[in-house]
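The values are calculated or read from the model by the stated rules, or taken from the named source; none is laboratory data. What you see is a predicted model, and the numbers here were worked out from it, not measured in a lab. Neighbour counts run over all protein chains shown; Cβ positions are idealised from the backbone, glycine included.
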């Protein structure tokens, strides 16, 4: 495994700066993680963190609407942003000689967004985001799964109880005042991590960062982080059946598990791959290839850090297979792994798959920058990137078995079953 | 606007050097050594895409490609999956219209072992009837899933209604329910025997490799592979023609999935470069005319775009947007308006410069990964493009001027003969579509 070069710096206003030089790279990635996600939203404001992310592309006192995209793309770059439960990230990747352009644009919107904000822009992006919701959730077969899963796995009032995309009513209610308050609260240099990765000289880059970000005032009154406390397991079995416009039943299971960054999470990350990664995985081999009950199988441990994370599985039934039969076969595979633990062959397989994936991640400058920002933002420890494959490889069979027995069982399980609706609504 | 900061001197970037040789059995080998990489990508291309199948067997190319990864004569499906994945390798095998591609990405230390398994898979696949039946059933289930998905429903409806009866491009390359349902493992065995052969095949390696060692290894694994492939047929891309509206009724839809377009261009069309620039300007980048109008001005959609799909024969030119049900007719009107405007209004110098600079400047980003570099060799191999294709790519984009864009827009954007296909709730959009009179309207149920 190659070592990732890491230099940590901080500006006087609290902006954390991570540099990762790759002198051979013809490109450079600029990546910002703001420590704000949908978990920071207030009641009645679901979806706002993501809507706000859209507003960050609507122009500033300095740069017109649309110009951020135009300038980066005309420089031969790509860019985007995403919002999730814990954070919002903004990323620009461009030819190395245009580094300062991206830094200037990111600093400009961190400093100068509000003077150019208008009701018209908000109304426009509200419509865009509502269409994003229709496209990804409301008009999509099985599209409501993550929203339903979060609502059932986390209790009312918990910051993970609602989805990042938010509800239509709350999106309708978002106001310009909300934009102003959210910006003033969370879009401050001392609430962000800036990572630069790729082809650049450290001294030059630091000068540019100081020049563009140095004068942005910190928020001296950052709010305390939300209370993420939650019981470690559900304590019961929850079931919900969802009639939907789908031709094939699909079963989602979800469990509360220890958060990303813990040893138990690493063990469940390995368990997820033993069950679901590749054609030799337990679920593919058994449910898809041998018993031919399922069309597909996926398993995923959510890398989130507040209170409890989720370990989710989903399988789609083949035509003619009932949800009950598939669920019982699925549970017996999970239970077998939990009682016996993985074999040495299982472990060798998933470790080598992960090593190759780790190398694939590092060969993409933008991905490297994003992971550095993630580790800095969530753990204040960007160096975690060095050990991520090693931590995974260090998980042994006993740890997988123990972690499964502690969390992946009926007293901690949501079963969400999508079934074909009898008739269209 | 305050002036943007100046750019530093550009770092020189050129597409990596590669070597190309033909083995005695006809296999073309393309090697792209990329120093300081941990990974190597291997792509084996055969003339075994959907264009190489007989129409009554539509879907056999896709099923055969998928069947290959279910084991070899030596290793059954479970053993083949375990053996490859224990090397950290996930072998892929899939087909498109113009080729089939099998391959993998691996740490450089596993190149030799991976190549041996890939060669074994291509030369002596198991082609087991139980696995074939399973994959065919999965494909039929996938067809059911596609019918519930409004975007896939619209994609499939668009090509079905665009091309004339009997033209293969009127269906997805993976085949239709009628043809897939009747396929047998013997069809797959015959397809493999007739189409997977070295004389028309290309092996591309990019990344962590030593050229001499790689060649030795390739000679050992594939040098004594023999045979000649039947090759592909020539597809005549006739369309039904004429402007019309087809509404695929999907009750309960809260959005209408729009597909608007007509016949596009083939891979050897001399207008490919101006067409690429024009399509980027019209609907290929965030700041394109379609996206700015339908998303950033009107808020009708999460995104609007357009693209050509050049194949050996002409694939479609398609504009795409999922719009809120309530504004369906307005969105179509605006979309058609942008197609008219593309024909009638020359781009400004700055507007053109922005997309041209993007296509030229984004070059090093496209080829960042070993898979990206190997993928860039594919069109050279499949379509026989000149070896200097990527070396001259940027200057050919640079040469596209306003006149060239306008000329190609007038040739290749033809709203008057566009098929307007949408999936949506007919009870909510039919009346306004009738009133809007974009063309003769046909309402059909979802399959």
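Taken over the stretch B:353-379, the criterion of being surrounded by 19 or more Cβ atoms within 10 Å (Cβ to Cβ), in a helix (DSSP H, G or I) and without any contact (Cβ under 8 Å) to a residue 12 or more places away in the chain is satisfied by B:361, B:365. If we keep just the residues of the stretch A:31-69 that are assigned to a helix (DSSP H, G or I) and surrounded by fewer than 20 Cβ atoms within 10 Å (Cβ to Cβ), which is nearest to the other protein chains (Cβ to nearest Cβ)? Of everything passing the filter in the stretch A:31-69, A:67 is nearest to the other protein chains (Cβ to nearest Cβ).
Would the stretch A:281-296 turn up any residue that is within 23 Å of the chain's Cα centre (by Cα) and either part of a strand (DSSP E or B) or more than 19 Å from residue A:230 (Cβ to Cβ) (or both)? Scanning the stretch A:281-296, I find at least one residue that is within 23 Å of the chain's Cα centre (by Cα) and either part of a strand (DSSP E or B) or more than 19 Å from residue A:230 (Cβ to Cβ) (or both), so the answer is yes.
Okay, residues lined up against (1) assigned to a loop (DSSP other than H, G, I, E, B); (2) buried (at least 23 other Cβ atoms within 10 Å of the Cβ); (3) under 24 Å from the mean Cα position of the chain (by Cα):
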{"position": "B:82", "(1), (2), (3)": "no, no, no"}
{"position": "B:88", "(1), (2), (3)": "yes, yes, no"}
{"position": "B:94", "(1), (2), (3)": "no, no, yes"}
{"position": "B:97", "(1), (2), (3)": "yes, no, yes"}
{"position": "B:113", "(1), (2), (3)": "no, no, no"}
{"position": "B:116", "(1), (2), (3)": "no, no, no"}
{"position": "B:122", "(1), (2), (3)": "no, yes, yes"}
{"position": "B:127", "(1), (2), (3)": "yes, no, no"}
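Exactly one residue out of B:56, B:12 is modelled with pLDDT under 95 and more than 28 Å from the chain's Cα centre (by Cα), and it is B:12. Taking the criterion of being in contact (Cβ under 8 Å) with a residue 60 or more places away in the chain and within 14 Å of chain B (Cβ to nearest Cβ), the residues of the stretch A:289-336 that qualify are A:314, A:315, A:316, A:317, A:318, A:319, A:321, A:326.
Screening the stretch A:82-128 for residues that are touching a helix residue (DSSP H, G or I) at 6+ places or on another chain (Cβ under 9 Å), in a helix (DSSP H, G or I) and more than 10 Å from chain B (Cβ to nearest Cβ) and picking the one that is farthest from residue A:31 (Cα to Cα) gives A:119.
Select, from A:421, A:323, A:338, the only residue that is touching a strand residue (DSSP E or B) at 6+ places or on another chain (Cβ under 8 Å) and modelled with pLDDT of 95 or more. Before you say what the answer is, go through the steps one by one.
Values: A:421 fails: modelled with pLDDT of 95 or more; A:338 fails: touching a strand residue (DSSP E or B) at 6+ places or on another chain (Cβ under 8 Å).
Of the residues listed, the single one that is touching a strand residue (DSSP E or B) at 6+ places or on another chain (Cβ under 8 Å) and modelled with pLDDT of 95 or more is A:323.
Checked against (1) within 21 Å of residue B:402 (Cα to Cα); (2) more than 9 Å from chain A (Cβ to nearest Cβ), residue B:256 passes all but a single condition, namely (1). Starting from residues that are over 11 Å from residue A:50 (Cβ atoms) and crowded, with 21+ Cβ neighbours inside 10 Å, keep the ones in the stretch A:160-171 and report whichever is nearest to the other protein chains (Cβ to nearest Cβ). Filtering first and then ranking leaves A:162.
Out of the residues in the stretch B:294-310 that are within 12 Å of chain A (Cβ to nearest Cβ) and in contact (Cβ under 8 Å) with a residue 24 or more places away in the chain, state the one that is nearest to residue B:97 (Cα to Cα). Top of the filtered list is B:304.
Here is a yes/no grid of residues against (1) farther than 17 Å from residue B:276 by Cα; (2) facing another protein chain (nearest Cβ under 9 Å); (3) touching a residue at least 40 places away in the same chain (Cβ under 8 Å); (4) in a strand (DSSP E or B):
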site	(1), (2), (3), (4)
B:312	no, no, yes, no
B:317	no, no, yes, yes
B:351	no, no, yes, no
B:382	yes, no, yes, no
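Taking the stretch A:315-339 as the search range and keeping residues that are in a loop (DSSP other than H, G, I, E, B) and in contact with a helix residue (DSSP H, G or I) (Cβ under 7 Å, 6 or more places away or on another chain), which one is surrounded by the fewest Cβ atoms within 10 Å (Cβ to Cβ)? Looking at the filtered set, the residue picked out is A:319. Each residue in the stretch B:147-168 was checked for being within 10 Å of chain A (Cβ to nearest Cβ) and touching a residue at least 12 places away in the same chain (Cβ under 8 Å), and 3 pass.
Scan the stretch A:175-203 for residues that are closer than 14 Å to residue A:216 by Cβ and part of a helix (DSSP H, G or I) and the total you get is 6.
Residues of the stretch A:72-82 that are in contact (Cβ under 8 Å) with a residue 12 or more places away in the chain and closer than 14 Å to residue A:370 by Cβ: A:78, A:79, A:81, A:82.
Restricted to the stretch B:194-212, and to residues that are surrounded by fewer than 21 Cβ atoms within 10 Å (Cβ to Cβ) and touching a residue at least 12 places away in the same chain (Cβ under 8 Å), which residue is farthest from residue B:233 (Cα to Cα)? Write out each step before concluding.
Going residue by residue through the stretch B:194-212, those that are surrounded by fewer than 21 Cβ atoms within 10 Å (Cβ to Cβ) are B:194, B:199, B:210-212.
Applying the additional criterion that residues be touching a residue at least 12 places away in the same chain (Cβ under 8 Å) yields B:194, B:199, B:210-211.
Details: B:194: 13, B:199: 17, B:210: 37, B:211: 35 Å.
Among residues in the stretch B:194-212 that are surrounded by fewer than 21 Cβ atoms within 10 Å (Cβ to Cβ) and touching a residue at least 12 places away in the same chain (Cβ under 8 Å), the one farthest from residue B:233 (Cα to Cα) is B:210.
Counting only residues that are farther than 23 Å from residue A:404 by Cβ and touching a helix residue (DSSP H, G or I) at 6+ places or on another chain (Cβ under 7 Å), the stretch A:243-260 holds 5 of them. Taking the stretch A:345-386 as the range and being facing chain B (nearest Cβ under 8 Å), assigned to a helix (DSSP H, G or I) and under 24 Å from residue A:79 (Cβ atoms) as the test, the residues that pass are A:360, A:362, A:365.
Here the stretch B:61-78 is the region considered, the condition is being closer than 20 Å to residue A:349 by Cβ and touching a strand residue (DSSP E or B) at 6+ places or on another chain (Cβ under 9 Å), and the residue that is surrounded by the most Cβ atoms within 10 Å (Cβ to Cβ) is B:70. Against the condition more than 9 Å from chain A (Cβ to nearest Cβ), in a helix (DSSP H, G or I), in contact with a strand residue (DSSP E or B) (Cβ under 7 Å, 6 or more places away or on another chain) and modelled with pLDDT of 95 or more, how does residue B:328 come out, does it pass? Yes; evaluated as a whole, the condition is true for this residue. Exactly one of these conditions fails for residue A:152: (1) facing chain B (nearest Cβ under 8 Å); (2) farther than 24 Å from residue A:62 by Cβ. Give me its number. Unmet for residue A:152, out of (1) facing chain B (nearest Cβ under 8 Å); (2) farther than 24 Å from residue A:62 by Cβ: (1).
The condition of being more than 12 Å from chain A (Cβ to nearest Cβ) and more than 23 Å from the chain's Cα centre (by Cα) holds for residue B:398.
Of the residues A:9, A:68, the single one that is over 30 Å from residue A:353 (Cα atoms) and in contact with a strand residue (DSSP E or B) (Cβ under 6 Å, 6 or more places away or on another chain) is A:9. Among the residues of the stretch A:144-154, the one identified as crowded, with 20+ Cβ neighbours inside 10 Å and in a loop (DSSP other than H, G, I, E, B) is A:154.
Can we say residue A:79 is at the interface with another protein chain (Cβ under 9 Å from one of its Cβ atoms), within 30 Å of residue A:203 (Cα to Cα) and assigned to a helix (DSSP H, G or I)? It is false that residue A:79 is at the interface with another protein chain (Cβ under 9 Å from one of its Cβ atoms), within 30 Å of residue A:203 (Cα to Cα) and assigned to a helix (DSSP H, G or I).
Look at the stretch A:372-384: where a residue is over 15 Å from residue A:262 (Cα atoms) and a partner is in a helix (DSSP H, G or I), sitting 6+ places away or on another chain with Cβ atoms under 7 Å, you get A:372/A:385; A:382/A:372; A:382/A:375; A:382/A:376.
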